[in-house]
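S.K.: Before I ask anything, here is the structure I am working with.
The values are calculated or read from the model by the stated rules, or taken from the named source; none is laboratory data. As the structure is a computational prediction, the values presented were derived from the model and not from experiment. Heads up, the Cβs are rebuilt from the backbone with ideal geometry, glycines too, and the neighbour counts pull from every protein chain shown.
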Ligand SMILES: [Zn+2]
């Protein structure tokens, strides 16, 4: 039977339609096999353990899910993997800090309640001097290293001036008791602090302080000591200094930016420091000098509940108040600070 023209046209159309359908059905499932969503949870799960050593890796884990809704993903029939990504990512993040052996979620357990405030509001002026390196900057040092350095000669001159001008070097404990309980302070009180715990404190600063019968508080980065990081003091040196009357505070475990962190992470920082202090020095950490001066209210709340008494900032000034113990201001000492400038900084009303 010879097909009519109409039948032939119908056959051709049918064949074309069948071909189109076949190609559509046999199109490889691009969206499923090469979909990046499938791979992402595995990538994120690898962050779980490194966060213990490098907590800075944590924010990207939270950020990655926002990349997921790519156009190709929504065009296909596999939207289900999307929601599962977010919970797994966040659960690994919060789990990692609590995985540390001793950082339990009960900060109040630390036996360091601090002096009980008598309810009276107080404010006082007292310069808290802030030093970092106490040495001549090495050749080729960048501007930051230079700016953070005070030479032993300048430091000795500054302490000579303090002694000669009738200043009395006190401790942070003295300041906290004065603010919270009204305990009297000597005339012209001043506090000396060192951030980071560089080894030149032991080599250069301590002998000069000792010769002047003055004390200072050094803020330690506890993981650096635990790992014997070169350029920083070790626990043996710190113990010798403690016996000689030098005080210590925490400068976090690893000098990380503490802002916008989870409670678990901040507990890990606060209790980690205090546990190292307890183990090595026989006392808890009572003060936190925020790394690079970076902190937020969450940092204050967690360190306060972990038994810390006060927090030191890098904001400049010397007014302190009983209502703001975790916002203590300091006076920065620089490589370029001359003796007349030093005197001005001490006496200026700020
Ligand atoms: Zn620092």
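S.K.: Given the criteria surrounded by fewer than 24 Cβ atoms within 10 Å (Cβ to Cβ), in contact (Cβ under 8 Å) with a residue 24 or more places away in the chain and more than 26 Å from residue 170 (Cβ to Cβ), does residue 298 qualify?
M.R.: In short, yes.
S.K.: Do you know which residues across segment 282-300 are more than 18 Å from residue 195 (Cβ to Cβ) and more than 14 Å from the chain's Cα centre (by Cα)?
M.R.: 282, 283, 284, listed by residue number.
S.K.: Something else: Find the strands (runs of 3 or more DSSP E) located wholly in segment 227-335 whose residues include 3 or more that are within 24 Å of residue 181 (Cβ to Cβ), at pLDDT 95 or above and more than 16 Å from the ligand (Cβ to nearest atom), and list them.
M.R.: Of the strands (runs of 3 or more DSSP E) lying wholly inside segment 227-335, those with at least 3 residues that are within 24 Å of residue 181 (Cβ to Cβ), at pLDDT 95 or above and more than 16 Å from the ligand (Cβ to nearest atom) span 319-321.
S.K.: Any residue in segment 167-193 that's free of Cβ contacts under 8 Å to residues at least 24 places away in the same chain: show its pairings with residues that are part of a helix (DSSP H, G or I) at Cβ separation under 7 Å, as long as the two are six or more apart or on different chains.
M.R.: 183/177
Let's see how each residue does on (1) surrounded by 17 or more Cβ atoms within 10 Å (Cβ to Cβ); (2) modelled with pLDDT of 95 or more:
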{"site": "91", "(1), (2)": "no, no"}
{"site": "105", "(1), (2)": "no, no"}
{"site": "121", "(1), (2)": "no, yes"}
{"site": "127", "(1), (2)": "yes, yes"}
{"site": "132", "(1), (2)": "yes, yes"}
{"site": "138", "(1), (2)": "no, yes"}
{"site": "141", "(1), (2)": "no, yes"}
{"site": "149", "(1), (2)": "yes, yes"}
